[in-house]
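Colleague: Handing you a structure now.
The values are calculated or read from the model by the stated rules, or taken from the named source; none is laboratory data. These numbers come from a predicted model, not from an experiment. Don't worry about glycine lacking a Cβ; one is built from the backbone with ideal geometry, like all the others, and counts go over all protein chains shown. Areas reflect the complete protein model, heavy atoms only, side chains present, ligands, DNA and RNA absent. Shrake-Rupley method; radii C 1.70, N 1.55, O 1.52, S 1.80 Å.
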Amino acid sequence: MYSKEDLQELKLKAILYLQSKTGMYSGYQECSVIYRNKSSSYFNHIMKRGRWGGNGMMETYTKDNNGDPQCPINNNLDGLFFSCNTDFDTGMPPEHSPFGEKRLCIDAYEMLFLDDHRMYFSDFYCFNSNKRGHYVNIVVTTPGSEADDFCKQHLVAISRKKNPFIYCRRGSKTPRVSCGVRVEIFFTDDVNIKELLREELASFEDCECTGYSKPNGLPKNLNCPHCNLEESDDSDTESCSDSDDSNSVPSYQYSLQNSWSWRYYNECI
């Protein structure tokens, strides 16, 4: 399992990857809703009243092994995944989904930024086909919860107002999400769909289904040079640990300094 130091390095690799993007993939797009695609039967079961129905409450479940196998939340944290990115042309969620034909859309500002939630960076990865690009996973917790205690111990906290993946400007109610990666939110609280529908903060829509979730998730592409950590050299590690230089900087930060604005890096951590 990755340490917090490993995750900090992985986060910096994600930022470097974003800085390498050009054209329409180098900016940000508005994110008015976050959305979750599943089968119709999944949502029907949640919305059904009675002994075997969820009565509108979408309950969290344990994170599988999708993504990096060393991700600390794998099999350790409960939550619900939501997508953020939209179609470049329409500004809306894509017309198709590999996870199911029914889509739940929820107001992104109300869900992520209105209450005093906390955000943590948890993963950066791509799959072997690499057709879908790279993914960044952000965990959203409620302060004081068991999930938040776990994340404070194992993940890297990021600011909701100032981070390179998804943020909301002061005075705005429309979050913005990076175009360079697919940002996915792992929300660690149960979600009351009926209440959100009643308050007109959520809606259902149909979409073209191109597949369904795979049991236990998809493995990360371990050969990608962008989203894998370099194996440390034991001799180098020992040498660094004996150094008395209090101003020494890890090698990946030297790479960052030489690649783009050090000031921007300081703003994003």
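Colleague: If you check every pair at least six apart or on different chains, which have Cβ atoms under 7 Å apart with a residue in region 120-149 that is more than 15 Å from I15 (Cβ to Cβ) first and a residue that is at pLDDT below 95 and of a type in the set (D, E) second?
Modeller: Short answer, once both residue conditions are applied: P143/D116.
Colleague: Consider only pairs whose beta carbons are under 9 Å apart and that are at least six residues apart or on different chains; among these, list those whose first residue lies in region 69-84 and is closer than 27 Å to C179 by Cβ and among the aliphatic types (A, V, I, L, M) and whose second residue is in a loop (DSSP other than H, G, I, E, B) and open to solvent by less than 10 Å² (accessible area, probe 1.4 Å).
Modeller: Once the first residue is closer than 27 Å to C179 by Cβ and among the aliphatic types (A, V, I, L, M) and sits in region 69-84, its partners that are in a loop (DSSP other than H, G, I, E, B) and open to solvent by less than 10 Å² (accessible area, probe 1.4 Å) give I73/K63; I73/L155.
Colleague: Taking the condition under 18 Å from the mean Cα position of the chain (by Cα), among the basic types (K, R) and crowded, with 20+ Cβ neighbours inside 10 Å, does R118 pass?
Modeller: yes
Colleague: Mind telling me which of the residues E59, E101 ends up being on the phi < 0 side of the Ramachandran plot and out of contact with any strand residue (DSSP E or B) (no Cβ under 6 Å at 6 or more places or on another chain)?
Modeller: The unique qualifying residue is E59.
Colleague: Kindly state which strands (runs of 3 or more DSSP E) lie completely within region 114-170 and contain at least 1 residues that are aromatic (F, W, Y).
Modeller: Filter on region 114-170 gives 118-125, 135-141.
Colleague: Next question, about the same structure. Please work out which one of (1) more than 19 Å from the chain's Cα centre (by Cα); (2) open to solvent by less than 40 Å² (accessible area, probe 1.4 Å); (3) modelled with pLDDT of 90 or more is the condition Y42 fails and give its number.
Modeller: All conditions pass for Y42, except number (2).
Colleague: Can you spot a residue in region 154-165 that is small (G, A, S), within 28 Å of P94 (Cβ to Cβ) and surrounded by 13 or more Cβ atoms within 10 Å (Cβ to Cβ)?
Modeller: No: region 154-165 contains no residue that is small (G, A, S), within 28 Å of P94 (Cβ to Cβ) and surrounded by 13 or more Cβ atoms within 10 Å (Cβ to Cβ).
Colleague: For residues that are open to solvent by less than 10 Å² (accessible area, probe 1.4 Å) and closer than 21 Å to G180 by Cα, tally how many sit in region 85-102.
Modeller: Of the residues in region 85-102, 1 are open to solvent by less than 10 Å² (accessible area, probe 1.4 Å) and closer than 21 Å to G180 by Cα.
Colleague: Out of the residues in region 162-180 that are under 22 Å from K21 (Cα atoms) and among the charged types (D, E, K, R), which is modelled with the lowest pLDDT?
Modeller: Among them, the one singled out is K162.
Colleague: Check L80, L12 and return the single one that is within 19 Å of V140 (Cβ to Cβ) and open to solvent by less than 20 Å² (accessible area, probe 1.4 Å).
Modeller: L80
Colleague: Another question, if that's okay. Out of K194, K214, which single residue is over 21 Å from C31 (Cα atoms) and assigned to a loop (DSSP other than H, G, I, E, B)?
Modeller: K214 is the lone residue from the list that is over 21 Å from C31 (Cα atoms) and assigned to a loop (DSSP other than H, G, I, E, B).
Colleague: Pick from region 166-186 the residues that are open to solvent by 10 Å² or more (accessible area, probe 1.4 Å) and within 19 Å of R36 (Cβ to Cβ): which of them is nearest to the chain's Cα centre (by Cα)?
Modeller: That would be E184.
Colleague: Looking only at region 197-211, which residues are at pLDDT below 95 and either in contact with a Leu (Cβ under 8 Å, 6 or more places away or on another chain) or assigned to a loop (DSSP other than H, G, I, E, B) (or both)?
Modeller: Listed by number, the residues that qualify are C207, T210, G211.
Colleague: Right, next: So which pairs qualify, if the first residue must be in region 153-168 and among the basic types (K, R), the second must be open to solvent by 50 Å² or more (accessible area, probe 1.4 Å), the Cβ gap must be under 7 Å, and the two must be at least 6 apart or on different chains?
Modeller: Final answer for the pair search is K161/R170; K162/E267.
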